[in-house]
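Structure, as structure tokens:
The values are calculated or read from the model by the stated rules, or taken from the named source; none is laboratory data. Because the structure is predicted, anything quoted here is derived from the model rather than measured. Cβ atoms come from the backbone with ideal geometry, glycine included; neighbour counts cover every protein chain shown. Surface accessibility is based on the protein's heavy atoms, side chains included, excluding ligands, DNA and RNA. Shrake-Rupley method; radii C 1.70, N 1.55, O 1.52, S 1.80 Å.
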Amino acid sequence: MLKELTDRYVRDCFRQESAPRASELAYRLGMSPVQLSRAFRELLGVCPSDYLKRQQVDFAKQLLSTTTLSTTQIAYRAGFGTRATFFRLFRKLARATPREYGGP
């Protein structure tokens, strides 16, 4: 249930082109940040912020593969505040730049 509710929250963030935040997720789920962190570690084996960052990068990968949007547009659609933040996190998690992955 936690994963499904989190994934729904993340999709809502992407529709609004806003960054998913663990603190906001905790609030929406009626949990404290500490409770959310414990639940994530127990059920998913990761902390909430790492899970949310991975979701952002996975969404960016999907956009890179299925659209002709610029990397700047993709960065904003995936909820990254800046293009630099997008590139830094994408490279860290995908082990490639967006262009190397297949971006325009």
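Quick notes on this one:
- Residues (among the aliphatic types (A, V, I, L, M) and more than 16 Å from residue 96 (Cα to Cα)) located in region 41-83: 43, 44, 46, 52, 69, 78
- Residues that are more than 22 Å from residue 11 (Cβ to Cβ), open to solvent by 40 Å² or more (accessible area, probe 1.4 Å) and not basic (Lys, Arg), drawn from region 83-104: 84, 87, 100, 102, 104
- Among (1) more than 17 Å from residue 75 (Cα to Cα); (2) touching a Leu at 6+ places or on another chain (Cβ under 6 Å); (3) among the β-branched types (Val, Ile, Thr) - the single one residue 57 does not satisfy: (1)
- Check on residue 49, polar (S, T, N, Q), farther than 22 Å from residue 8 by Cβ and in a helix (DSSP H, G or I): no
- Hits in region 48-82 - residues which are open to solvent by 50 Å² or more (accessible area, probe 1.4 Å), touching a residue at least 12 places away in the same chain (Cβ under 8 Å) and more than 16 Å from the chain's Cα centre (by Cα): 65, 68
- Residues (within 21 Å of residue 80 (Cβ to Cβ), among the acidic types (Asp, Glu) and exposed (fewer than 14 other Cβ atoms within 10 Å of the Cβ)) located in region 1-47: 7, 12, 17
- Filtered residue count, region 4-35, keeping only those that are part of a helix (DSSP H, G or I), under 22 Å from residue 89 (Cα atoms), in contact (Cβ under 8 Å) with a residue 24 or more places away in the chain and of a type outside the set (Phe, Trp, Tyr): 6
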